[in-house]
Amino acid sequence: MVKKKIIIASYRCPYNTSYVNVSNHIDDLNVGGVSRGLISALKDRDYRWFCIDKQKVTGDKIVSMKIGREDERLFYDVFCNTYLWPMFHYIRKTDTYNESAFNTYKKINKKFANLIASYQELKDQRVIVNDYQITLLPYFLRKAGFKNISFFWHIPWVDEMYISTLPWIYDIVNGILNADIIGFHTEAYKEKFREFVRLKLNIPVNKNRIIYDDREVKLVVRPFGIKMDNKINRIYTKKGNRKVIFSIDRLDFTKGILQKINAVEMLLESEPSMHSHFDYYMVVSPSRESISTYKDLKKNVEQMVGMVNGKYNTKSWTPIKYFYRKINEHDLIDFYKLADILIVTPFMDGLNLVTEEFIEHSQDGVIVISKFAGISTFIKKEVVIVNPYVVSDIYKGILKGLKMSKTERLIKMKKMKQFVMKNDVVKWLKVMSDE
């Protein structure tokens, strides 16, 4: 059976569009789990990917829409990253909402829909719309004549009373409901969305169906996986007998970065025997550097790393190896293979693809993970669950991981690999494509 063409719509482009524009090749894959995962699933598919970028690109596979600097500020910096992102992680970053920010958000969504709709030949194809930046896109696409629309919400969905403070939450939910398939990572997120629709929109719902505007809308739960590549076998080395602790986070206040540093400091204070027995490689990827709160976070992280290292380093050992930069995929794979322990401690996370990538490449690593990361729902018996708000809990989790036997680590990792293989991105794509 010939598979239909897939249309992907996302805010972020899967490739560096400058590279695409100049060389007409698409080998420069952007770092980011969703992009990397989807591209692997689309490898043997006919697809076109629409995205928003700093420049306009029109290609056979990638089509990007350029927006101006002020529109980008109001749309992305203010509405998406000051209003939506924090709120859907149970964090409030504002006491006053700016209507011009929503008006710009709506304008960008409509302009993006018009770009996609200008490709008349795609109107009968399945469009998969991704995430909180483009929630109004299903509405504008349906108005333009598209009928096969899926929407996937990649971040947590939170309690209806909490998000009801956002004046435009009804516009957002109505926009999403114009899709005929709506996907979430976990059952809990789906249930909270259902509750909002039932309580705030007064629309009857059953477990997996909503009747909206005389249409049936299907709700699905499907964790966004990765496509495991068992052929990867890079050579790596470990310095001496030291254990390796690893974390990689985008610079963001939801990731619990400061708490990780505090936990390592507590480990050093409470367990003197651990001095010089581990190396903590802490990678923080630059993000949203134009926003003042992110600049402040970066400064605090660097100060805390310096303080801990200054207190505990010796002539031959520095406990925290801190990197503030993007790292390429090969280096990241080497870190995954090198690490004895991965620390993943977000205050809230839709799923967490770093965890899945670590599972793919690690042989017997231990994962110390926040109980508020979506993926912990599925692998809770195989990981060390911690409360990311309690530094002592993270410290105890790391210590437990350092002391875990090799046999136990191997058994747990085997089970986690089975989960990742059963829930890969190819299966996600089939569900969201209604195939």
Residue pairs qualifying under the 9 Å Cβ cut-off, at least six apart or on distinct chains, with the first in the range 57-74 being crowded, with 17+ Cβ neighbours inside 10 Å and the second being assigned to a loop (DSSP other than H, G, I, E, B) and among the aromatic types (Phe, Trp, Tyr), are 63/119
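Matching residues to (1) hydroxyl-bearing (Ser, Thr, Tyr); (2) over 23 Å from the mean Cα position of the chain (by Cα); (3) assigned by TED's automatic domain parsing to the domain that holds residue 171:
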position	(1), (2), (3)
44	no, yes, yes
48	no, no, yes
53	no, no, yes
74	no, no, yes
88	no, no, yes
95	no, yes, yes
99	no, yes, yes
105	yes, no, yes
108	no, no, yes
If the Cβ limit is 8 Å and pairs must be 6+ apart or interchain, which residue in the range 410-422 that is closer than 17 Å to residue 354 by Cα pairs with which residue that is among the hydroxyl-bearing types (Ser, Thr, Tyr)? 413/362
Is it fair to say residue 207 is part of a loop (DSSP other than H, G, I, E, B), basic (Lys, Arg) and in the same structural domain as residue 65 (by TED's automatic domain parsing)? yes
Could you list, in sequence order, the residues of the range 262-321 that are within 15 Å of residue 245 (Cα to Cα) and of a type in the set (Gly, Ala, Ser)? 263, 276
Let me confirm something: among 381, 371, 412, 422, which residue is more than 25 Å from residue 259 (Cα to Cα) and surrounded by fewer than 16 Cβ atoms within 10 Å (Cβ to Cβ)? 422
Odd one out for residue 287, checked against (1) touching a Leu at 6+ places or on another chain (Cβ under 6 Å); (2) in a helix (DSSP H, G or I): (2)
Taking the conditions exactly as written (outside any loop (DSSP other than H, G, I, E, B) and either buried (at least 19 other Cβ atoms within 10 Å of the Cβ) or not assigned by TED's automatic domain parsing to the domain that holds residue 96 (or both)), does residue 182 satisfy them or not? yes
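Every residue in the range 197-247 that is among the aromatic types (Phe, Trp, Tyr) and modelled with pLDDT under 95, please.
212, 224, 236
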Of the residues in the range 341-359, how many are within 19 Å of residue 185 (Cα to Cα) and either of a type outside the set (S, T, N, Q) or without any contact (Cβ under 8 Å) to a residue 12 or more places away in the chain (or both)? 13
Output the number of the condition that residue 368 fails; it satisfies all remaining conditions of (1) part of a strand (DSSP E or B); (2) closer than 21 Å to residue 37 by Cα. (2)
So residue 79, is it under 18 Å from residue 429 (Cβ atoms), at pLDDT 90 or above and crowded, with 16+ Cβ neighbours inside 10 Å: no
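Okay, residues lined up against (1) touching a Ser or Thr at 6+ places or on another chain (Cβ under 8 Å); (2) in the same structural domain as residue 256 (by TED's automatic domain parsing); (3) over 21 Å from residue 343 (Cα atoms); (4) polar (S, T, N, Q):
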| site | (1), (2), (3), (4) |
| --- | --- |
| 293 | no, yes, yes, yes |
| 303 | no, yes, no, yes |
| 309 | yes, yes, no, yes |
| 317 | yes, yes, no, no |
| 321 | no, yes, no, no |
Which residues, taken from the range 27-64, are at pLDDT below 80, in a helix (DSSP H, G or I) and either among the aromatic types (Phe, Trp, Tyr) or in contact with a helix residue (DSSP H, G or I) (Cβ under 6 Å, 6 or more places away or on another chain) (or both)? 33, 37
Testing residue 249 on (1) of a type in the set (Asp, Glu); (2) assigned to a helix (DSSP H, G or I); (3) touching a residue at least 24 places away in the same chain (Cβ under 8 Å), one condition comes back false. Which one is that? (2)
Would you be able to say whether some residue in the range 315-323 is modelled with pLDDT of 95 or more and either buried (at least 21 other Cβ atoms within 10 Å of the Cβ) or part of a helix (DSSP H, G or I) (or both)? yes
Looking only at residues that are in a helix (DSSP H, G or I) and within 27 Å of the chain's Cα centre (by Cα) in the range 115-127, which one is surrounded by the fewest Cβ atoms within 10 Å (Cβ to Cβ)? 115
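The values are calculated or read from the model by the stated rules, or taken from the named source; none is laboratory data. Keep in mind the model is a prediction, meaning the values are calculated, not measured. Cβ atoms come from the backbone with ideal geometry, glycine included; neighbour counts cover every protein chain shown.
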